[in-house]
Amino acid sequence: MTIIINVRERIEEWKIRIAAGFIREGKLVAFPTETVYGLGANALDENAVKRIFEAKGRPADNPLIIHIASFEQLEVLAKEIPEEAEMLAKRFWPGPLTLVLPKSEVVPRVITGGLDTVAVRMPAHEIALKLIELSERPIAAPSANISGKPSPTSAHHVAEDFYGKIECIIDGGETRIGVESTVIDLTEWPPVLLRPGGLPLEEIEKVIGEIRIHPAVYGKSVDTAKAPGMKYRHYAPSAEVIVVEGPRDKVRRKIEELIAKFKEEGKKVGVIGSGSYDADEVFYLGDTVEEIARNLFKALRHMDRTGVDVILAEGVEEKGLGLAVMNRLRKASGYRIIKV
Ligand code: TXA
Ligand code: MG
């Protein structure tokens, strides 16, 4: 049975306390963060963490992020905290930044997928922080979607994937950022960007200087031993996704051309982007890159429900949140990209 706790209008502590009780009992609780919804369990309870992998159908070698509500919790989870990690944590936590650090003995190996490192973040969301505080434990939580599906940005999305399969969903409304956290590996020098996300790379570089971008961020096939998550297909709707990248007017013309071509083949066509098109389904993402990021996963899920055969997606400039948006779009397309 799944209990849905509604705190959309007002965050009442007694309600969060019920969910915290579930966490302490080794149960699974989906909760909102500022990025996407997480599927949480007590990070120090191996059996509870195993259930996360089972529920998601997640490969055992793809490690989870541990969510914390205080700096003291970081000291327990990480063996060492380099100066740069401290600088970033002070500047950006709570926030959409995940730090990969050497793990301490207390972190169960199921969480790290056998790695000697651990990924940690302090989410900037009142409900998430309250849940961690009241359960008095760090919470391991991947995005609350079935493995391979777009991440959930509302409790409704979580229910689509997990209703009846987990004990509790906290409904805190739609998430503010809409793409997952930025993941930085600080166990190497220079630090490595493993996943672009809600905190722009430019902001991080202002604090600690240049960061190497892992080639997998652009989809190049490389050794993924350090970041196992990168080798799996992600965000994939059932329809074929094609990303069209380039200057706006050219992208627009190319998409119009493709709509005509697919229609002639008898296919149902969807478009996601900032323009209006004469397609079977059009999902307007917004004009700013922040709006586009916020609506991206919702759009992919929506397109799936409409049963379109092909989804054409407008590319965006890879600045700020644009790097995360393009990374998710390319993955969703399985790297079917047209450059104009
Ligand atoms: O915004 C977010 O980060 C959301 C919310 C719920 O906090 N969580 C999230 O978790 O996106 P997940 O499991 O969907 O993605 C975690 C990413 C994966 O790509 C995983 O491979 C990587 O972080 N990761 C986790 N631990 C790691 C480690 N020790 N070394 C390298 N990468 C790691
Ligand atoms: Mg995920």
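What to note about this one:
- The distance linking the stretch 246-271 with the stretch 55-83 is 43 Å (Cα centroid to Cα centroid, whole angstrom).
- Each residue of the stretch 240-339 gets 82 Å³ once the volume of the Cα convex hull is shared out per residue.
- Under 5 Å, built H, 5+ apart or other chain: amide partners of Ile213: Leu193
- Other residues within the sphere of radius under 12 Å centred on the Cβ of Glu317, judged by their own Cβ, net out at -1 (K and R +1, D and E -1).
- Whole-Å semi-axes of the ellipsoid equivalent to the chain (Cα gyration tensor, √5λ, descending): 33, 23, 17
- Links that overshoot a 19 Å alpha carbon limit, given the list Lys263/Lys339; Lys15/Lys130; Lys298/Lys339: Lys263/Lys339; Lys298/Lys339
- Considering only beta bridges that DSSP places wholly inside the chain, some 35 percent are antiparallel.
- Sum of side-chain charges, Phe53 neighbourhood, beta-carbon under 14 Å (Lys, Arg +1; Asp, Glu -1): +2
- Long-range amide H partners of Val271 with built H, under 5 Å: Glu281, Val282, Phe283, Leu312
- With respect to the chain, whose longest principal axis is taken over its alpha-carbon atoms, helix 46-56 is tilted by about 10°.
- Value of [θ]222 nm, deg cm²/dmol, for the chain, DSSP H segments ≥ 4, -39500 (n - 2.57) each, nearest 500: -10000 deg cm²/dmol
- Anisotropy class of the stretch 1-92 from Cα gyration tensor, a/c 1.5 cut: oblate
- Label-point separation, Arg10 to Lys319 (7 Å along Cα→Cβ), nm: 4.4
- Using R0 = 35 Å, the C-beta based FRET efficiency linking Glu291 and Glu105 works out to 0.20.
- The stretch 1-108 - accessible surface per residue (Å², probe 1.4 Å): 45
- Sequence of Tyr335, Tyr284, Tyr37 when ordered by accessible area, the most exposed leading, probe 1.4 angstrom: Tyr284, Tyr335, Tyr37
- Stretch gain in nm, segment Lys261-Glu210, where the contour uses 0.36 nm per residue and the Cα spacing is subtracted: 14.0 nm
The values are calculated or read from the model by the stated rules, or taken from the named source; none is laboratory data. Computed from a predicted model, the values in this text were never measured in an experiment. Heads up, the Cβs are rebuilt from the backbone with ideal geometry, glycines too, and the neighbour counts pull from every protein chain shown. Only protein heavy atoms, including side chains, enter the accessible area calculation; ligands, DNA and RNA are left aside. Shrake-Rupley method; radii C 1.70, N 1.55, O 1.52, S 1.80 Å.
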